[in-house]
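Every number in this text was worked out from the coordinates using simple rules, so none of it is lab data. Predicted, not measured: the structure shown is a model, and the values here were computed from it. Ideal geometry is used to build each Cβ from the backbone, glycine not excepted, and the neighbour counts take in all protein chains shown.
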Amino acid sequence: MGTVTNHMTGMPKAMLLNGKEWRPDNSNNLDFSKSEERAVIRFLSEWFDESDKISLKTSGSTGFPKQIWVEKSALVDSANRTIQYFGLQKGMKALLCLSPEFIAGKMMIIRSLIGELNLITTSFQSNPLFSLTEEIDFAAMVPLQISLAMELSPEKLPLIKSLILGGSAIGTALEESLRKLPNPVFHTYGMTETLSHIAVRRLNGESASQWFEAMPDVSLSLHSDGILVIDAPYLSIRELKTNDIAEFNAFGRFRIIGRADDVIISAANKIHPVDLEMKIYNLLGLKCYISARTEVSGGDSLVLVLEQAGSVKDLYRLWRQLESFLEMHEIPRFIFELNEVPMLDSGKTDRRGLRQKVQSFFEHPQPFANNP
């Protein structure tokens, strides 16, 4: 593929999109009929405009989505670091199954442009492997997508040679399933402000770990309140205080305990929902969500949310197990059945929406609730 260099960015101004060469001057002459292809071309039109900056939309996991502006050169630097870290080579195939509306999708397009990869598009929703028929060298998904792919299209999983997962925590059940995959799978840590990932951990194979390792030229520390702080000079990031509570091990690696604004204060104890969810799964093999209801007298009461609650006998047995395994302050006071847990557009659990549903349930009771 010949390359045309953009005088503003000093990078290729042509790329392979589903095997077809895209250039600004010939895009109307080729059949880019898929909605996903049109989404890529819309982004590329913005990327190659006269501005040195581009707008990004945050995921909304800590509030309403907001728009920020960043230098295009910073996204180029971030893309180059991913290309080097994962050893991506010209001509490899990259899978785009994340909407370019968010940073993860944008970065896959930029990596493909810079690395001269062949960008293959599939559905931005649900199971991204449903229609996939060819091998992919590098793919990025959110945990919900790979979970559905493993359930609905397990025969397609070997087509993905290297996979990164990001955007949210990975549940224990899913992580156990991912360990069985033969090809490398990584969990990444990052956010819109860091232009994709700044730390990585391997999920399967001999180097699998529960701890994230910072990428080159990234420094991490803890604020006095336990919040993770990021320094990444190549992104012009200095002491960026995240919203994540973390801990470090003796080797300088870290793990995320939970989000600061997700913390539930119950009887003067701080409960991190993700941490407690993982603990319950490890003890009982139960997939669940931890939320809370605000009491009239003030304070929060823990609520265990299940997508399938089972019979009263099952619930009683579950309650006794929780009493046996959990600390007193960790035991939920209520069990709540919810057929569909709310999710954000980015694929993360909508903790705020979940709590609103729980609170609304208790203010306007439905047929099922259980408090043994």
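So the values come out like this:
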| read-out | value |
| --- | --- |
| Shape parameters for the chain, alpha-carbon atoms, Rg then Dmax in Å | 22.1, 70 |
| Relative contact order for the stretch 15-260, counting Cα pairs under 8 Å that sit 6 or more residues apart, in percent | 12 percent |
| Ellipsoid semi-axes in whole angstrom, largest first, where each is sqrt(5λ) of the Cα gyration tensor of the stretch 263-363 | 19, 17, 14 |
| Given charges at beta-carbon only (K, R positive; D, E negative), |dipole| of the chain in Debye | 220 debye |
| Residues with amide H under 5 Å from that of Met11, placed H, sequence gap 5 or more | Asn6 |
| Integer Hz, Karplus 6.51/-1.76/1.60 couplings in order for the stretch 178-193, x for Gly and Pro | 5, 4, 7, 6, x, 8, x, 10, 10, 9, 10, 10, x, 7, 4, 5 |
| Taking Phe130, Phe251, Phe138, Phe124 and counting other C-beta atoms within 10 Å, the order from fewest to most | Phe251, Phe130, Phe124, Phe138 |
| Of all DSSP beta bridges in the stretch 15-260, antiparallel share, percent nearest 5 | 65 percent |
| Note, ³J(HN,Hα) from phi for the stretch 126-133, Karplus 6.51, -1.76, 1.60, rounded to Hz, x at Gly and Pro | 6, 8, x, 9, 3, 9, 6, 10 |
| Phe186 long-range amide H proximity, modeled H, under 5 Å | Leu163, Ile164, Leu165, Leu203 |
